[in-house]
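Read through the structure below, which is laid out as structure tokens, and then see the notes.
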Amino acid sequence: MSETLTLPVLPLDDEVVLPGMVVPIELSDTEVRGAIEAARNSTGLGRAPGIRAEEKAQVLLVPRLADRGLAAVGTLALIEQLGRLPGGQAGAVLRGVSRVRIGSGTTGPGAALWVEGTVIAETGQGARAAELAKEYKSLVIASLQQRGAWQVVDMIQQLDDPSAIADRAGYASYLTTEQKLELLETADLVQRLELAIRWTREHLAELDVAESIRKDVTEGMEKQQKEFLLRQQLAAVRKELNELTGARGGNGTEEDDYRSRVEAAGLPENVREAALKEVDKLERTPDASPETGWIRTWLDTILDIPWNERTEDACDIAGARRILDEDHTGLDDVKDRIIEYLAVRKRRSDRGLGVIGGRRSGAVLALVGPPGVGKTSLGESVARAMGRKFVRVALGGVRDEAEIRGHRRTYVGALPGRIVRAIREAGTMNPVVLLDEVDKIGSDYRGDPAAALLEVLDPAQNHTFRDHYLEVDLDLSDVVFLATANVLEGIPGPLLDRMELVQLDGYTEDEKVAIARDHLLPRQLSKAGLSGEEVTVDDDALHLIAAEYTREAGVRSLERSIARVLRKVAAAEALTPGTLPVVVGVANLRDYLGRPRFTPEASLAADSRRTAVPGVATGLAVTGAGGDVLYIEASLADPETGAAGVTLTGQLGDVMKESAQIALSYLRSHGEELRLPVGDLKDRGVHVHVPAGAVPKDGPSAGVTMTTALASLLSGRPVRSDVAMTGEVSLTGRVLPIGGVKQKLLAAHRAGVTTVLIPQRNEPDLDDVPAEVLARLDVHPVSDVREVLALALEPATAGAASVAA
């Protein structure tokens with residue numbers, strides 16, 4: 001029967017004492033000292049069997065874990081000795097006797113915590129326990145022998161009691177406090193031995209692995225030391241040879257020490273390993289071998305790449321925006337995107353968010369727009385605003401895939417690709433790289449450069465870009481790529497899918513004047529050797545140049561016109577000194593540029609004469625140079641000629657030809673509803689022509705214009721000269737959406753058109769059109785051809801039927 005004891009509690013923080021263990025306890029802690037004193041002053045409140053009261057005081061050692069508090073089972077211990085520990089502190093030596101299950105608290109002398117406890121009787125004694133004890137004993141001895149603890153081995157070998165052998169596990173340093181507590185709480189001897197055996201085997205397995213690793217490390221270190229010694233000897237021999245060569249009249253120069261340069265370069269680990277392999281190969285290769293030159297060139301290229309160089313991005317977001325506004329007028333979409341990128345990057349830096357999965361936070365933007373709108377110059381401005389280096393890669397006309405990925409080193413004269421060369425030229429791993437004219441990349445039997453750009457411009461994989469020449473991973477994920485193009489359709493779909501598209505649709509007249517005043521005029525004054533005090537060009541003159549001397553989406557012709565004016569001023573001063581200063585205004589602009597090429601009022605008057613004849617309609621189109629006005633002319637053949645069918649001219653594409661067929665089919669099927677004499681069409685041929693026959697044309701957006709021209713021809717009602725239109729037409733007469741609305745409205749505004757018809761489903765695109773342009777245009781969103789004809793055709797007159805006939 002188990003005996004109940006009343007004992008003072010001595011808590012042990014994160015420590016477990018098993019029966020049979022002898023441990024020293026320091027008495028510096030008040031709680032420990034109180035428990036020892038209470039045990040010494042107790043007067044027989046309960047003792048373990050076989051221990052007399054006059055012999056030794058007893059205390060209950062209870063483990064106290066940080067996350068669990070006091071354990072439910074403790075160890076009854078005897079105070080063997082009181083005195084001083086080796087360090088001079090007051091202490092006591094305790095010996096564990098038996099397991100005790102802790103019951104309820106009670107009262108006792110002193111300040112210690114007193115509890116009632118029940119001695120736990122041990123179970124599981126027998127042949128099985130003896131067998132397990134023998135096995136555990138051999139494992140412990142093997143572990144101690146590996147550590148060289150021979151005195152402890154002798155002590156363990158003298159143990160025969162299975163219970164004592166099992167509880168010696170409390171001394172094991174490789175067991176955790178939780179594992180030792182589990183041994184304390186396990187009263188069954190067999191289970192206790194099984195736990196100890198399992199944990200000891202796991203420890204021995206870990207020791208074997210650690211020993212194996214230690215041997216490998218030692219062997220590796222010995223190999224490195226041996227290699228270092230040999231290389232030092234080799235260097236000494238080479239030095240002696242070079243000195244002898246110098247004594248014989250040689251130049252005394254030795255082979256470049258690439259190894260030291262590679263070691264000192266701080267290369268990424270994989271690059272360093274590849275470079276050292278090449279250095280080893282170089283040292284084994286005879287100087288006369290051509291491979292020596294190839295290896296040297298490759299090593300020079302690797303060492304020239306700025307693997308660890310990165311510029312700090314600008315933290316002044318407002319200052320970056322100010323720089324962008326100073327360099328370029330308009331282009332708000334691109335500026336907003338760059339500011340967003342810088343703001344996010346700064347926020348991530350402030351919050352300590354670094355590289356995610358090896359990928360940094362670069363950006364890939366595609367700037368698509370007509371020539372002269374500032375796409376290329378925007379790259380330098382972006383780099384300046386971000387505080388980064390700028391490098392331009394011209395891709396127009398590139399046809400070889402190796403231009404992007406590089407040539408393999410087996411070829412004579414092999415070089416890395418343009419991307420690697422751009423990084424090397426920039427001297428940093430995070431420059432702004434402008435990929436200019438990406439829509440003009442060609443392809444032939446040597447490969448498709450656009451396909452090679454897929455990896456370069458893919459944020460998900462460009463952190464491990466591999467050039468064919470380098471054959472090592474190059475991290476491009478921190479590079480800001482800006483790709484420029486004139487025609488969106490010229491960029492392959494998979495490549496465009498990897499870029500963030502920003503469309504630049506050209507400038508309004510007011511924007512052009514601001515650009516000319518703030519940027520173009522100062523630059524051309526400097527080129528002409530003039531100053532702002534010597535030549536003044538007023539805003540009215542700039543407006544006149546932009547409106548009547550140039551008609552373009554960009555500002556290149558505007559800049560050439562300003563340069564022409566300044567050249568004539570400089571020439572006049574050279575021929576007749578004293579002509580400066582000069583003020584160029586509207587009155588004397590013709591003296592410098594001659595007669596205007598485009599006059600909006602005159603153009604509108606000309607258009608009025610052009611569309612005064614039934615069968616001519618004004619459409620809108622998008623070209624590589626921006627938006628433009630497009631005329632559609634239609635005529636009927638004389639029935640006596642016998643010509644029938646449809647004739648299409650003007651170098652039209654298949655889609656545009658189909659639009660003409662759809663327009664004619666719609667009018668034939670709805671002629672009675674529209675009051676059009678379509679019955680005679682079977683005997684009279686229809687001819688549709690689009691002027692500027694040397695220019696290829698295609699696309700569905702001229703569908704409503706063709707329908708209007710044919711309806712005008714059949715009805716005899718001319719099309720209004722101030723109306724232009726765009727939209728695809730279906731066989732049922734629906735007006736379907738098209739693209740390039742902003743560019744087309746800008747073209748209509750430049751041409752002096754006042755009324756524009758667009759598909760109703762394109763109405764949201766009007767948000768992208770500048771407000772000053774919309775204020776001067778009367779835009780009508782339409783959904784049906786009937787609406788188009790009602791708005792575009794002049795009112796019917798008495799002579800209309802005779803004209804149609």
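The values are calculated or read from the model by the stated rules, or taken from the named source; none is laboratory data. What you are looking at is a predicted structure, and each value in this text was computed from that prediction instead of being measured. A quick note on method: Cβ atoms are made from the backbone with ideal geometry, for glycine too, and the neighbour counts reach across all protein chains shown. In case anyone asks, the SASA skips ligands and DNA or RNA and just uses the protein heavy atoms, side chains included. Shrake-Rupley method; radii C 1.70, N 1.55, O 1.52, S 1.80 Å.
Tabulated data
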item	result
Calculated FRET value between THR576 and ARG523, using beta carbons and R₀ = 25 Å, to 0.05	0.45
Antiparallel content of DSSP bridges confined to the chain, in %, to 5	55
Virtual paramagnetic centre 7 Å along Cα→Cβ of ARG231, amide N under 16 Å, in the range 282-311	282-285
Under 5 Å, built H, 5+ apart or other chain: amide partners of ALA366	ALA483, GLU500, LEU501, VAL502
Calculated FRET efficiency for the pair ALA796/ASP768, C-beta based, R₀ 41 Å, to 0.05	0.65
Under 13 Å from the Cα of LYS527 - aspartates and glutamates, other chains or at least 8 residues apart	GLU559
Inter-label distance, nm, simple model (7 Å from Cα along the C-beta direction), ARG147/ALA127	3.5
Linear extension gain, VAL412 paired with GLN760, 0.36 nm per residue minus alpha-carbon span	119.2 nm
Label selected from (i) 47, 33, 23; (ii) 91, 40, 29; (iii) 118, 31, 21, the criterion being semi-axes √(5λ) of the Cα gyration tensor in Å as computed here	(ii)
Tilt relative to the chain, helix 189-247 - C-alpha long axis, 0 to 90 degrees, to 10	60
Set of the range 406-423 residues, backbone N closer than 19 Å to the point 7 Å along the Cα-Cβ line of LYS281	406-417
Under the Debye formula (equal points on every Cα, no solvent term), log10 I(q)/I(0) of the range 752-792 at q = 0.13, 0.15, 0.20, 0.35 Å⁻¹	-0.27, -0.36, -0.62, -1.21
FRET E, pair ASP67, ARG337, Förster distance 51 Å, beta-carbon r, rounded to 0.05	0.50
Electrostatic dipole magnitude of the chain [Cβ: Lys, Arg +1; Asp, Glu -1; Cα centre; debye, to 20]	540
ARG567-GLU273 pseudo-label distance in nm [points 7 Å out on the Cα-to-Cβ vector]	6.2
DSSP-assigned coil residues among trypsin sites (Lys or Arg not before Pro) in the range 433-491, each with at most 12 further Cβ atoms within 10 Å	ARG446
Nearest-10 value in Å² for the accessible area of ILE317, using the 1.4 Å probe	40
Links that overshoot a 26 Å alpha carbon limit, given the list LYS346/LYS440; LYS277/LYS389; LYS335/LYS568; LYS134/LYS180; LYS346/LYS512; LYS440/LYS568	LYS346/LYS440; LYS277/LYS389; LYS335/LYS568; LYS346/LYS512; LYS440/LYS568
Per-residue HN-Hα couplings for the range 575-591 [Karplus 6.51, -1.76, 1.60; θ = phi - 60°; Hz; x = Gly/Pro]	7, 10, x, x, 7, 7, x, 10, 10, 9, x, 5, 5, 10, 5, 5, 5
Aspartates and glutamates whose Cα lies under 14 Å from that of LYS56, excluding same-chain neighbours fewer than 8 positions away	GLU37, GLU80
Residue-wise HN-Hα coupling along the range 551-560, computed from phi with Karplus coefficients 6.51, -1.76, 1.60 (Hz; x: Gly, Pro)	9, 8, 7, x, 9, 5, 5, 4, 5, 5
Heavy atoms of HIS780 accessible to a 1.4 Å probe, total area in Å² rounded to 10	50
3J(HN,Hα) from dihedral phi, the range 533-550, Karplus parametrisation 6.51/-1.76/1.60, rounded to Hz, x for glycine, proline	6, 7, 10, 10, 10, 7, 5, 5, 5, 5, 4, 5, 5, 5, 8, 10, 9, 9
Placed amide H near ALA314: partners under 5 Å, 5+ positions off or other chain	GLY387
Estimated inter-spin distance, ASP540 and THR30, nm [label 7 Å along Cα→Cβ]	9.8
